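*Asks:* Please read through the structure below; I'll follow up with questions.
The values are calculated or read from the model by the stated rules, or taken from the named source; none is laboratory data. The shown structure was predicted, so the numbers you read here are calculated from the model rather than taken from an experiment. Using ideal geometry, Cβ is built from the backbone for each residue, glycine included, and neighbour counts are taken over all protein chains shown. Just so you know, the surface numbers come from the protein's heavy atoms only, side chains and all, with ligands and any DNA or RNA stripped out. Shrake-Rupley method; radii C 1.70, N 1.55, O 1.52, S 1.80 Å.
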Amino acid sequence: MDFTAQPKPATALCGVVSADGKIAYPPGVKEITDKITTDEMIKRLKMVVKTFMDMDQDSEDEKQQYLPLALHLASEFFLRNPNKDVRLLVACCLADIFRIYAPEAPYTSHDKLKNLNKQSFDLAKVLLKRTVQTIEACIANFFNQVLVLGRSSVSDLSEHVFDLIQELFAIDPHLLLSVMPQLEFKLKSNDGEERLAVVRLLAKLFGSKDSDLATQNRPLWQCFLGRFNDIHVPVRLESVKFASHCLMNHPDLAKDLTEYLKVRSHDPEEAIRHDVIVTIITAAKRDLALVNDQLLGFVRERTLDKRWRVRKEAMMGLAQLYKKYCLHGEAGKEAAEKVSWIKDKLLHIYYQNSIDDKLLVEKIFAQYLVPHNLETEERMKCLYYLYASLDPNAVKALNEMWKCQNMLRSHVRELLDLHKQPTSEANCSAMFGKLMTIAKNLPDPGKAQDFVKKFNQVLGDDEKLRSQLELLISPTCSCKQADICVREIARKLANPKQPTNPFLEMVKFLLERIAPVHIDSEAISALVKLMNKSIEGTADDEEEGVSPDTAIRSGLELLKVLSFTHPTSFHSAETYESLLQCLRMEDDKVAEAAIQIFRNTGHKIETDLPQIRSTLIPILHQKAKRGTPHQAKQAVHCIHAIFTNKEVQLAQIFEPLSRSLNADVPEQLITPLVSLGHISMLAPDQFASPMKSVVANFIVKDLLMNDRSTGEKNGKLWSPDEEVSPEVLAKVQAIKLLVRWLLGMKNNQSKSANSTLRLLSAMLVSEGDLTEQKRISKSDMSRLRLAAGSAIMKLAQEPCYHEIITPEQFQLCALVINDECYQVRQIFAQKLHKALVKLLLPLEYMAIFALCAKDPVKERRAHARQCLLKNISIRREYIKQNPMATEKLLSLLPEYVVPYMIHLLAHDPDFTRSQDVDQLRDIKECLWFMLEVLMTKNENNSHAFMKKMAENIKLTRDAQSPDESKTNEKLYTVCDVALCVINSKSALCNADSPKDPVLPMKFFTQPEKDFCNDKSYISEETRVLLLTGKPKPAGVLGAVNKPLSATGRKPYVRSTGTETGSNINVNSELNPSTGNRSREQSSEAAETGVSENEENPVRIISVTPVKNIDPVKNKEINSDQATQGNISSDRGKKRTVTAAGAENIQQKTDEKVDESGPPAASKPRRGRRPKSESQGNATKNDDLNKPINKGRKRAAVGQESPGGLEAGNAKAPKLQDLAKKAAPAERQIDLQR
């Protein structure tokens, strides 16, 4: 090779020569420079190699002589020579040079050593590759000695054996063909540390980018995967860490890893669950295609992990993926679609109880879902389309988030207002309560209390800090101003000497929650412009995956929500012009939302924007008269809220509507009734009197007391809203109008409330068919029962009406929660909970939830229990936070629900025989349903307090029927069952009660002097049966053929599993071979079958009585006979119905009634007036030809048509006397009490 292109001589490259300036070469070797050809250089180098090979360490003279040559060969010229033979020969020389000069190195330069080591490595690598077939056996033998036989003394390399295997594998995997089985052997070692070392090695071998080891050696790969389930925690942890590299370098192995990562995602060790998330997210951030939906599903599950560290990692990981692939669209639409569920899932977590979860969701929303640092237009576009694409639950969560932040802002604002007031004891007390409330909204509320107190002290001392905080929470604060305020406050509180400042961190949490980082006037304006573009059709709706109609509707909903939290930001002519445009749109929901926005934000329209006012008024009038019911409501409220001459405006609506009411056209009645009801509620002084004549002459006499149309007899107990007849919808609105009218008056001077309550009670007694002409359908009757029960509950929220609601009317209302129709029970329970949780209803209404123990649907019982937990928690917290509340303990303390519950259960129509064990067991279940929640803690010796209440009740009489011995006996029996339960569940109940409980006089008489009631009303045997739970023959709702006479609560019937719908009446033969079943078995049967409706299925097993069979001995049909195809084991998930549209249908069958004799005697339903014997005989033959409903004949309906507002209250003494003989256990409810 010609080196003329390299003018520098080799000597110059070396720089180290002998004393005379020359390099000494072995004899016969000429000078090696760049002037000679490559072939000649190779020839001379071979002779040099021979010389160094023959030298040993004792040749001191030669070592000294050839030192310059050794240094010369280490020059860049030789080490980086383009000819590989030159490099190889030089490497051989260097290897011998290190041997000869050892232990002293001939080279001292670090860089030179590095180059020489590299050269040596390259040499060894080449030699191994060239001799792989020859040397493989030697290598296998070496590793066999070390790994299998454990002879570590065979070489100094033994302690580096795994590093050596890794390097050899990198050079050529064929070198280790015989070694791999030895590694498989080591993977099964009993030594955890040894397994860990092998796992670390194999993780590198399997995970390296160019490795195909997993494919080539499947047994070793499978054995390695088994270490994911190793008993040793570090081994499992190492396996999980390996998975990330493997997913990134070998996507084809993802399927093998998925199942093992699934198991590890539920590992008992927090660190392993955490690393599973890190593994999956790391791979997904590299390339979303590397992880399948199942792997992302594991991360999704861990957002609900019991450990905060794991939840946080999962939530943050998903948020990062959403921002990368959805917000920035880094991998296209397909990838964005794959992770589009993340936004919904993250917002759902806001429903969790932990404040840490809520705060993290808020942080994720502000940084990842809608980054607050974007420009206003971009930020609002992001929010606009996010809101349009969220699922309903995520929308609710986002709305709740804004609501909570706004509530916290108001707390801080009230705190600052307290700072402006002069110091006083009341002021300090109020300030302390406010600080405690604020602390609850921060992480670790215990520590937060101290930090909030400290922050409050700083606020008191620093006026500038107060002004900054006031600006931050001001309604006019812009997003940019908010950012400056937060940084300024943080700077003032920062301590340079304290790098980690927990106090400052806590204040930052507070500031981030209250700072308006997303919404200000500019943002609202940008949102309105986006909506206008959607209306005009010029927006990017389709490109964003949202239809224009959805974008407009959700945009208005978004603005509506923001109008509650940021009303000031809406005040501009441009915004209101756009809203007026929405009011003219055909979409009812859009117009309704626009009216509500005006209602929330338009307080200054009249003075500042007269043009908007003049355009708005006629539109609101039109909506109040002819809009949808929801639009009418909002229009009336809007007029009342934003106009000063509201009396004139409302009168212009009231007068024409009240004159034009026509019951013959019910579809045109609904909106006027809504408007009239809300007008009379908002302006009672002006409209209460004119409304009275409307109520008396039209609402009651003309509308409610007449059935103009005949309902569809399809047997359904519930129909969708669109299938409900207009007449029934009008009647429902008429009932609501009565309530609104009374709530507006807030007094009972005219006794209108008494009449209304009697009317509502009659509605419940007649099961919704007030006229009892049987023209109304079953589903319509369900609607009216629900409306009547809800109306009584609504009136009870007003103290003046609560006082006049009789115990009988309260009991009728309570029984709605046990209605035969699932939707009635569900909606009534929701309304009840909503009112109780806001402390709007008296405490006695919480007792109604005890009746939910009778519900055959597991989900409904679970919902009721959650409602109780929430209500009890709120009441206890309210008492703690409000020292003045101790004066109202009788209406607030949860334990005071016990006497109300005992009285309610004593009057349960199912409870007819005080010594019947089955009925007592039902009573016990209802008592324990409430007591279990109350007795989770023994706060302030509450167990003894509840026991004392039950004992004290036995010293009184039932105020409802003080002179009826049977009624009092039932009351005392329920008390004894309650005492039995309390004594058996708590050892602490025998302590002295801290104070003597006060019993409600409405339900219990004053204790009589010298009256002692130490009698036990349940025998010892019964007591044991109640506590031990002897299998009972009938279900939890009472045995079939017992007098389940229910007002507003029809008896539950269990039907065979072959039915395709629920609430279906079918004749079936009693199966005598089924034997006794425990209550638990029977309730399970009711929980796991066909649905009552498509959303909440339940199999109901029906039993038909057979002649001469004792009611108590009736057995349930064996649940094993049920059709298994309808059974779903997914807890808390929707269950499917086998046939669409089959819910709540009463089917008639062609089976004949047993001709050997009449069916078992019919029993009246709850609270229903029993018919006379003559009436019974008249209808007897007809009834025999009809299918038997729910195991007994339907009670006949009286033909008398009640008139006026006193409907349904007429007494028939003769009928009552006959009824006492026919059904001695039945108690007639007197509606005029």
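*Asks:* With (1) within 27 Å of Glu557 (Cα to Cα); (2) open to solvent by less than 70 Å² (accessible area, probe 1.4 Å) as the list, and Ala335 as the residue in question, which single condition is left unmet?
*Replies:* (1)
*Asks:* Working only within segment 756-785, note down all residues that are surrounded by fewer than 20 Cβ atoms within 10 Å (Cβ to Cβ) and of a type in the set (S, T, N, Q).
*Replies:* Result: Thr771, Gln773.
*Asks:* Just a yes or no: is a residue in segment 607-630 part of a helix (DSSP H, G or I), open to solvent by 50 Å² or more (accessible area, probe 1.4 Å) and closer than 19 Å to Thr476 by Cβ?
*Replies:* Looking through segment 607-630, at least one residue is part of a helix (DSSP H, G or I), open to solvent by 50 Å² or more (accessible area, probe 1.4 Å) and closer than 19 Å to Thr476 by Cβ.
*Asks:* Which residue pairs have Cβ atoms under 6 Å apart, sit 6 or more places apart or on different chains, and have a first residue in segment 524-536 that is among the hydroxyl-bearing types (Ser, Thr, Tyr) and a second that is surrounded by fewer than 20 Cβ atoms within 10 Å (Cβ to Cβ) and at pLDDT below 95?
*Replies:* These pairs meet every condition: Ser534/Pro548.
*Asks:* Which residues, counting only those in segment 545-568, are small (Gly, Ala, Ser), touching a helix residue (DSSP H, G or I) at 6+ places or on another chain (Cβ under 6 Å) and open to solvent by 10 Å² or more (accessible area, probe 1.4 Å)?
*Replies:* The one that is small (Gly, Ala, Ser), touching a helix residue (DSSP H, G or I) at 6+ places or on another chain (Cβ under 6 Å) and open to solvent by 10 Å² or more (accessible area, probe 1.4 Å): Ser554.
*Asks:* Answer with yes or no whether Leu465 is open to solvent by less than 40 Å² (accessible area, probe 1.4 Å) and part of a helix (DSSP H, G or I).
*Replies:* Yes, satisfied.
*Asks:* Restricting the search to segment 852-893, which residues are over 24 Å from Tyr351 (Cβ atoms) and either outside the structural domain of Asn968 (by the TED database) or open to solvent by less than 50 Å² (accessible area, probe 1.4 Å) (or both)?
*Replies:* Hits for segment 852-893 are Ala853, Lys854, Pro856, Ile879, Ala885, Leu889, Leu892, Leu893.
*Asks:* Does segment 140-194 hold any residues that are modelled with pLDDT of 80 or more, within 16 Å of Phe224 (Cβ to Cβ) and open to solvent by 40 Å² or more (accessible area, probe 1.4 Å), and which are they?
*Replies:* Glu184, Phe185, Lys188, Glu194
*Asks:* Kindly indicate whether any position in segment 511-519 is in contact (Cβ under 8 Å) with a residue 40 or more places away in the chain and open to solvent by 30 Å² or more (accessible area, probe 1.4 Å).
*Replies:* Checked segment 511-519: at least one residue is in contact (Cβ under 8 Å) with a residue 40 or more places away in the chain and open to solvent by 30 Å² or more (accessible area, probe 1.4 Å).
*Asks:* For Gln749, all conditions in the list (1) open to solvent by 20 Å² or more (accessible area, probe 1.4 Å); (2) part of a helix (DSSP H, G or I) hold save one; what is the number of the exception?
*Replies:* Gln749 satisfies all of (1) open to solvent by 20 Å² or more (accessible area, probe 1.4 Å); (2) part of a helix (DSSP H, G or I) except (2).
For (1) in a loop (DSSP other than H, G, I, E, B); (2) among the polar types (S, T, N, Q), each residue gets a yes or a no:
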residue: Ser755; (1), (2): no, yes
residue: Ser761; (1), (2): no, yes
residue: Arg775; (1), (2): yes, no
residue: Leu812; (1), (2): no, no
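*Asks:* Pairs under 6 Å by beta carbon, first residue free of Cβ contacts under 8 Å to residues at least 40 places away in the same chain and within 10 Å of His833 (Cβ to Cβ) in segment 845-864, partner among the acidic types (Asp, Glu) and surrounded by fewer than 22 Cβ atoms within 10 Å (Cβ to Cβ), six or more apart or different chains?
*Replies:* none
*Asks:* Right, something else. Under the condition of being of a type in the set (Lys, Arg) and part of a helix (DSSP H, G or I), which residue from segment 814-855 is nearest to Ala753 (Cα to Cα)?
*Replies:* Lys831
*Asks:* Can you say whether Val590 is of a type in the set (Val, Ile, Thr) and assigned to a helix (DSSP H, G or I), as far as the supplied structure shows?
*Replies:* Judged against the criteria, Val590 is a match.
*Asks:* Going by the structure shown, is Lys312 open to solvent by 10 Å² or more (accessible area, probe 1.4 Å), under 27 Å from Asp287 (Cβ atoms) and either out of contact with any helix residue (DSSP H, G or I) (no Cβ under 9 Å at 6 or more places or on another chain) or in a helix (DSSP H, G or I) (or both)?
*Replies:* yes
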